[in-house]
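Here is the structure we will look at, set down as structure tokens.
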Amino acid sequence: MIKIDKQKLLEKGCCNFTITDSNLLSELKSLSLKQEFQPKNWKKLRWSHWGMEFLSTEEALDFVDHYQYIGEPTQCYFQMPINSNEDSITKAVSNVIKSWTSEAYDIDESEIHPPALCLNIMPKGFHIRNHRDGGDGGKTRLVAFLIYMNEDWTDTDGGELVIHGGMETISPKFGRVVMIDLTKHDIEHEVKLITGDKSRKVLVSFVNKS
């Protein structure tokens, strides 16, 4: 059973924990075999505030290599939506996110909209500058989840999540979960440059009231 640091989440705007449930970890590993995780399918690029779709991953990377010297983007990553109702694994991940949200905010799961899933991928040289996710004071948005999918990630690979201007730094290692409150805080955070040859992968879910 995961124990969520609700006090830190609601007072500081962010908390993190590591998944220890072997069944859930196994489901995440199975999820990583889906087509969205395969480099040949990374064609949808988020460049600053624009979304772009390319014919191939290579074409997208060529665009990044060319235009980053003209003007460095505020954020740069591949974005792949995942159908949370596609199969039992994606449903299980979506349901556990709903369960964590219910526990953290002391609300019934029936009051939470089924969480959608998205895979964000950052190859070497990608980054996200300091930003906020866009809370609305709890009217609709509750929390943002980051579930890291990076096995064998080391500190030399970069890609750390930096919170509150460096007060806290979180390495994106497999099974680590970050919750960012969107009801009171909507804290600033950034992702450091990816310096290793491995691509940083994270499941992202913005959870809303139903």
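The values are calculated or read from the model by the stated rules, or taken from the named source; none is laboratory data. In this text the structure is predicted, and so the values were computed from the model without any measurement. A quick note on method: Cβ atoms are made from the backbone with ideal geometry, for glycine too, and the neighbour counts reach across all protein chains shown.
Annotation note: of ILE4, ILE70, the sole residue that is β-branched (Val, Ile, Thr) and either closer than 30 Å to GLY138 by Cβ or at pLDDT 90 or above (or both) is ILE4. Only a single criterion out of (1) more than 13 Å from the chain's Cα centre (by Cα); (2) buried (at least 18 other Cβ atoms within 10 Å of the Cβ) is not satisfied by ARG129, namely (2). Pairs are defined by a Cβ separation below 8 Å, a sequence spacing of at least 6 or placement on different chains, a first member in the range 28-42 that is under 20 Å from ASN95 (Cβ atoms) and in contact (Cβ under 8 Å) with a residue 40 or more places away in the chain, and a second member that is part of a helix (DSSP H, G or I) and aromatic (Phe, Trp, Tyr); the pairs so defined are LEU31/PHE37. So, THR101, is that one in a helix (DSSP H, G or I), of a type in the set (S, T, N, Q) and within 30 Å of PHE63 (Cα to Cα) or not? Spelling it out, it is not the case that THR101 is in a helix (DSSP H, G or I), of a type in the set (S, T, N, Q) and within 30 Å of PHE63 (Cα to Cα). For SER99, the conditions (1) at pLDDT 90 or above; (2) among the hydroxyl-bearing types (Ser, Thr, Tyr); (3) within 30 Å of ASP197 (Cβ to Cβ) all hold with the exception of (3). Output the residue which, of all residues in the range 183-207 that are hydrophobic (A, V, I, L, M, F, W, C) and closer than 20 Å to THR101 by Cα, is surrounded by the most Cβ atoms within 10 Å (Cβ to Cβ). Of everything passing the filter in the range 183-207, VAL207 is surrounded by the most Cβ atoms within 10 Å (Cβ to Cβ).
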